[in-house]
1. Give me a count of the residues in region 181-193 that are crowded, with 17+ Cβ neighbours inside 10 Å and part of a loop (DSSP other than H, G, I, E, B).
2. Identify all residues within region 206-238 that are more than 22 Å from Asp352 (Cβ to Cβ), of a type in the set (S, T, N, Q) and crowded, with 16+ Cβ neighbours inside 10 Å; write none if there are none.
3. Assess whether Leu112 counts as being more than 16 Å from Ala66 (Cβ to Cβ) and touching a Lys or Arg at 6+ places or on another chain (Cβ under 8 Å).
4. Can you find, within region 251-263, the residue that is farthest from Glu340 (Cα to Cα) among those that are touching a Pro at 6+ places or on another chain (Cβ under 7 Å) and open to solvent by less than 40 Å² (accessible area, probe 1.4 Å)?
5. Which pairs do you get when a residue that is hydroxyl-bearing (Ser, Thr, Tyr), found in region 356-384, comes within reach of a residue that is open to solvent by 30 Å² or more (accessible area, probe 1.4 Å) and modelled with pLDDT of 90 or more, reach meaning Cβ atoms under 9 angstrom, with the pair 6+ apart or on two chains?
6. Testing Leu137 on (1) over 20 Å from the mean Cα position of the chain (by Cα); (2) surrounded by 19 or more Cβ atoms within 10 Å (Cβ to Cβ), one condition comes back false. Which one is that?
7. Taking region 32-67 as the search range and keeping residues that are among the hydroxyl-bearing types (Ser, Thr, Tyr) and in contact with a strand residue (DSSP E or B) (Cβ under 8 Å, 6 or more places away or on another chain), which one is surrounded by the most Cβ atoms within 10 Å (Cβ to Cβ)?
Amino acid sequence: MEIRRLHLLLLLQGFMLLSVTGNCYARFVVEKNSLKLTSPEKIKGTYDSAIGNFGIPQYGGSMAGAVVYPKENQKGCKSFDDFDCFFALKVWNVQQAGASAVLVADDIQEALITMDTPEEDRLAAKYIENITIPSALIEKNFGETLKKAISGGDMVNVNLDWRESVPHPDDRVEYELWTNSNDECGVKCDMLMEFLKDFKGAAQILEKGGYTQFTPHYITWYCPQAFSLSRQCKSQCINYGRYCAPDPEQDFSSGYEGKDVVIENLRQLCVFKVANETNKPWLWWDYVTDFQIRCPMKEKKYNKECADVVIRALGLDGKKIEKCMGDPNADEDNPVLKEEQEAQVGKGSRGDVTILPTLVVNDRQYRGKLAKGAVLKAICAGFEETTEPAVCLSGGPIV
């Protein structure tokens, strides 16, 4: 894997160190990269840092540079042209100032957490989409050590290394995407739909060549048995409250219901299973992207009739798909969705899956921008060295 080496000395060209206060997020398995402090001599060593869930981590490579700590705007909440703000806004402001990477120092001594993006904020989505530099959270004590060294006049040099952030044991990569068929659920769903369309070609090349094993997944939740006959559960769930999804419009009196989403998610799972049985698992990508174009909610076409048209166009066996889906009105478990709920629970190095979208590569959760180039870089980092397919070696911008 190529090592990207940046010799950076000036404020607007180096790594920037920021302070953070007041942001608190749920704790799950935290994906880390190695941070090697190469100078000054008195604090040299290797430290952990938590990969930010936005921007573009340099999976498979590394970056080296000098760390600076700004005398003003130390929390990064204002443009560099004193309130607290989202992690992503800090990184965006620092990128605008010209930095190549950002280290964010926690303000309390705690285990590392993942810096995530704000939920359903369209204003934030505009700058998050344009973050292209990597970022990482470091522990408070380490942050104080760096600040002290910089304040004392030391040149602080670090090397951020992502080469072991994705396991790379052999010549095949296993990856999974936790996704959703709902196309009216806000900013993150818009980004997901765009990614599916953009990544389809690369995904199919990898799958047809036998280089990857891809599996789609869908999150569901269950309704407590005491409320399974309530109006809310009936509209959002199938199989008597066992498998549920939120109402797309958050309006139980009109439009599509959560159970419509669960049923289409189930159909997409069964499309994958039936396609996989015919040794053409890549047809899932054709189905979900065609369904997205032909059967959008806003045109009132998000239904079985439109789905059947897409299924027939792809030459898939509709009867097998219907059999796989089972009876959504039955008071019994659905084997396909039960398996999905069990898969949501974290195992080994992967934490619980609770948010959409979630991408997992070689059993390690991907962190960063959900974009074709960035995701392909992470997948390519999962191959044993020298076994990468041609699509990984073609170069091109990572956007």
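The values are calculated or read from the model by the stated rules, or taken from the named source; none is laboratory data. All values reported here derive from a predicted model rather than from experimental measurement. Positions of Cβ are generated from backbone atoms using ideal geometry, with glycine treated the same way; all protein chains shown enter the neighbour counts. Calculation scope for accessible area: heavy atoms of the full protein, side chains included, ligands and nucleic acids excluded. Shrake-Rupley method; radii C 1.70, N 1.55, O 1.52, S 1.80 Å.
1. 4
2. Once the filter is applied, which keeps residues that are more than 22 Å from Asp352 (Cβ to Cβ), of a type in the set (S, T, N, Q) and crowded, with 16+ Cβ neighbours inside 10 Å, region 206-238 yields Thr212, Ser228, Ser235.
3. It is true that Leu112 is more than 16 Å from Ala66 (Cβ to Cβ) and touching a Lys or Arg at 6+ places or on another chain (Cβ under 8 Å).
4. Within region 251-263, the match that is farthest from Glu340 (Cα to Cα) is Tyr256.
5. From region 356-384, the pairs are Thr358/Glu176; Thr358/Ile219.
6. Unmet for Leu137, out of (1) over 20 Å from the mean Cα position of the chain (by Cα); (2) surrounded by 19 or more Cβ atoms within 10 Å (Cβ to Cβ): (1).
7. Ser49
Per-residue answers, yes or no, for (1) closer than 17 Å to Leu359 by Cα; (2) assigned by the TED database to the domain that holds Met325; (3) open to solvent by 30 Å² or more (accessible area, probe 1.4 Å):
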{"position": "Phe195", "(1), (2), (3)": "yes, yes, no"}
{"position": "Asp198", "(1), (2), (3)": "yes, yes, yes"}
{"position": "Cys244", "(1), (2), (3)": "no, yes, no"}
{"position": "Glu249", "(1), (2), (3)": "no, yes, yes"}
